[in-house]
Amino acid sequence: MIRLKHLLIEHRDNSFDHRLKLLKHSLQTAIELEHSTIPPYLYALYSIKTDQNLEAAHLIKSIVKQEMLHMSLDCNVLNAIGGHPKIDHPRFIPHYPGNLPGSVEDSLIVPLAALSKQLLLDVFMVIEEPEKTVDGDTPPADGVTIGEFYAHIKKEICELSKMGNIFTGPPEKQLVTGFRELQNKGVYDEETALAAIDMIVEQGEGSDISPLDPEHELAHYYKYAEIYHGRKLIANPTPKPGQPAWVFEGHRIEFDAGGIYPVISNPNRHSYAGKPRITDLNLTFNSTYSDMLRKLHNVFNGQPDNLALALLSMQSLREQAQLLMTQEVVPGQTAGPTFDYIPA
């Protein structure tokens, strides 16, 4: 479980204006945190060869889609309280390998790496780990968890709403298309804001009694755990005292390491020095990714109807990444995208 800085849930000035400013800052951090998982997840997803490890690929793709949804929900809440989501700037994409936004300095280091069971266990399952898992694992309670961070955001929304009207943002900035869960579910008041935050937490963590979110999909931690354990998570058919209510004893989920491109870990622009074709392919990918961020910035700053343009950019990323991943850098290892920000 990653730990966030206590500073994110602290405030010394109790005035309405100061707390509202801090709430907007917290939501911007939440947007950056949700996005920061997408490049590592995509890097692992793109490392799966076409028509290989199909169920694992489907599970990771579903998680990436929900991370995009969570980022959108955070943007909707920030817009609703009069904020302005900042997506189109160089620091929006974290440096990999490195800490996630808002996390303490000695916490998890997140890399760009090919999909492997070690990556799932040591990184992805740590990112998504709930405060208590239904398969019997209870992580140590230290630092501020993502769940506690979102609980603080909810608390501030409730308390500030008692002090004055915080929902002053233009309703037309709400994104209510592109995701089934957003259909006609914009954020306009305290109730809809809390519902948006609840959806983020439930899809990411589940609950301490069920791994399922309200849409009856597995929370992210358990989807990654299914790939790691090689089995579907099912309700324990014969639970006994002291045994978990859910067990990884469903159908097999195949993971063939031969179906993964042997991509290098944590590439940077210096990795491809003297290799002009790989450099050009990497630049093409980075330009497409940066262009997608610019389009998303516009979507959440007054142009929600332009979401389709951003999604079109995202659809072309896989083809560009996998072309890179066929290019040998050193014997036995191939290239991968660096996820660098390219100015317009």
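The values are calculated or read from the model by the stated rules, or taken from the named source; none is laboratory data. Small disclaimer: the values here were computed from a predicted structure and weren't measured. As a convention, Cβ positions derive from the backbone with ideal geometry for all residues, glycine included, and neighbour counts pool all protein chains shown. These area figures cover heavy atoms from the full protein model, side chains too; ligands, DNA and RNA do not enter into them. Shrake-Rupley method; radii C 1.70, N 1.55, O 1.52, S 1.80 Å.
3J(HN,Hα) along the stretch 177-184, derived from phi through the Karplus expression 6.51 cos²θ - 1.76 cosθ + 1.60 where θ = phi - 60°, amounts to 9, x, 10, 4, 5, 9, 4, 6 Hz, with x in place of Gly and Pro. Between the amide H of I260 and those of K49, distances stay under 5 Å, these residues lying 5 or more places away or on another chain, with hydrogens modeled in the peptide plane. Solvent-accessible surface of the stretch 167-229, averaged per residue with a 1.4 angstrom probe and all protein chains in place: 45 square angstrom.
Order of 174-186, 237-249, 147-159 by packing, highest average Cβ count within 10 Å first?
For the peptides 174-186, 237-249, 147-159, the packing ranking is 147-159, 174-186, 237-249.
Inter-part distance, the stretch 289-344 to the stretch 186-260, computed on C-alpha centroids, equals 28 Å. Proximity of backbone amide H atoms, modeled 1.01 Å from N, is registered between G98 and V110 at under 5 Å, excluding neighbours fewer than 5 places apart on the same chain. Taking the Cα centre of the stretch 16-258 as reference, the dipole from Cβ charges on Lys and Arg (+1) and Asp and Glu (-1) amounts to some 360 debye. The aspartates and glutamates whose alpha-carbon is closer than 17 Å to the alpha-carbon of K117, local same-chain residues fewer than 8 away aside, are E55, E128, E129, E226, E254, D256.
Probing with 1.4 Å while keeping every protein chain in the model, the per residue accessible area of the stretch 242-344 equals 50 Å².
Ranking G332, S103, V126 by how far each Cα lies toward the positive end of the dipole of the chain (charges on Cβ) leaves G332 at the top. Protein heavy-atom surface of the chain, 1.4 angstrom probe: 53% of the accessible area is carbon and sulfur, with nucleic acids and ligands not counted. Calculated mean residue ellipticity, 222 nm, the chain: -14000 deg cm²/dmol, from DSSP H runs (n ≥ 4) at -39500 (n - 2.57) each, averaged per residue and rounded to 500.
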